[in-house]
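Input: a single structure, listed below in structure tokens.
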Amino acid sequence: MTISANDYRVNEYIRVPKVRLIGPDGTNMGIVAIQDALKIAREAGLDLVEVSPNANPPVCRVMDFGKFIYERQKKEKEARKAQKQVEIKELRIRPKTSKHHLMFKIKDARRWLEHGMKVKVTVRFRGREIDYPELALEDLKDIALELSDVSEVEQPPTMQGRSLSIMLAPIKSKKKKE
């Protein structure tokens, strides 16, 4: 037998004189010697698994360890399927981006937000543009205001190096749930 990733100890890896034993049907069999516990497990054709090594005495269970690992992996796989992956799209602009070009970018952001994606709007500074971050902040506030009907500000404007960014998330409305 082998040791699993979650530190379950199986059969020959248990090195204590006495254990609290849980039988194959889930009943508490009390505190027994390790030899007796191994004998019970062999007679049942199952494994003796240490499930709680820090208890005093450690708790061991008689079970089919291979089946246990298989079912746990199956549950984890189902849980991963149920998770929803949220995609983050990014709009990169500069403080000198024209209003006309900005409207095209806002139209793209609106489409992405309506499809349930998050949008990160980043204003990148070059040269001395960084001396006037209030201009970029004004642009970000305008974009957030323009998209306020389909989004909410998830992360307020933050400065990271030579860029200023804001994160917009789609609004969770009752219409989408129905």
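The values are calculated or read from the model by the stated rules, or taken from the named source; none is laboratory data. Quantities reported herein were computed from a predicted structural model and do not represent experimental measurements. A quick note on method: Cβ atoms are made from the backbone with ideal geometry, for glycine too, and the neighbour counts reach across all protein chains shown.
Outside any strand (DSSP E or B), among the basic types (Lys, Arg) and over 27 Å from the mean Cα position of the chain (by Cα): which single residue out of LYS107, LYS67 fits that description?
LYS107
Based on this model, can you work out whether GLU129 counts as under 33 Å from the mean Cα position of the chain (by Cα) and not aromatic (Phe, Trp, Tyr)?
no
Which residues, taken from the range 121-176, are crowded, with 17+ Cβ neighbours inside 10 Å, in contact with a helix residue (DSSP H, G or I) (Cβ under 9 Å, 6 or more places away or on another chain) and outside any strand (DSSP E or B)?
Correct list: PHE125, ALA136, ASP139, ILE143, LEU147, VAL150.
Give the residue that is surrounded by the fewest Cβ atoms within 10 Å (Cβ to Cβ), with candidates limited to residues of the range 109-120 that are touching a Leu at 6+ places or on another chain (Cβ under 7 Å) and hydrophobic (A, V, I, L, M, F, W, C).
Filtering first and then ranking leaves LEU113.
Within the range 44-53, does at least one residue satisfy the condition of being in a helix (DSSP H, G or I), more than 31 Å from the chain's Cα centre (by Cα) and outside the structural domain of TYR132 (by TED's automatic domain parsing)?
yes
Among all residue pairs at least 6 apart or on different chains, which show Cβ distances below 6 Å where the first residue, located in the range 55-66, is in contact (Cβ under 8 Å) with a residue 24 or more places away in the chain and the second is assigned to a loop (DSSP other than H, G, I, E, B)?
Filtered contacts from the range 55-66: PRO58/VAL16; VAL62/GLY23; VAL62/PRO24; VAL62/LEU46; MET63/LEU46.
State whether one or more residues within the range 146-164 are at negative phi, assigned by TED's automatic domain parsing to the domain that holds ARG92 and over 30 Å from the mean Cα position of the chain (by Cα).
Yes, that holds for at least one residue.
In the range 80-104, how many are exposed (fewer than 15 other Cβ atoms within 10 Å of the Cβ) and under 30 Å from the mean Cα position of the chain (by Cα)?
Matching residues across the range 80-104 total 11.
For the list (1) under 22 Å from ILE69 (Cβ atoms); (2) more than 37 Å from the chain's Cα centre (by Cα), I need the number of the one condition that ASP25 fails.
It is condition (2) that ASP25 fails.
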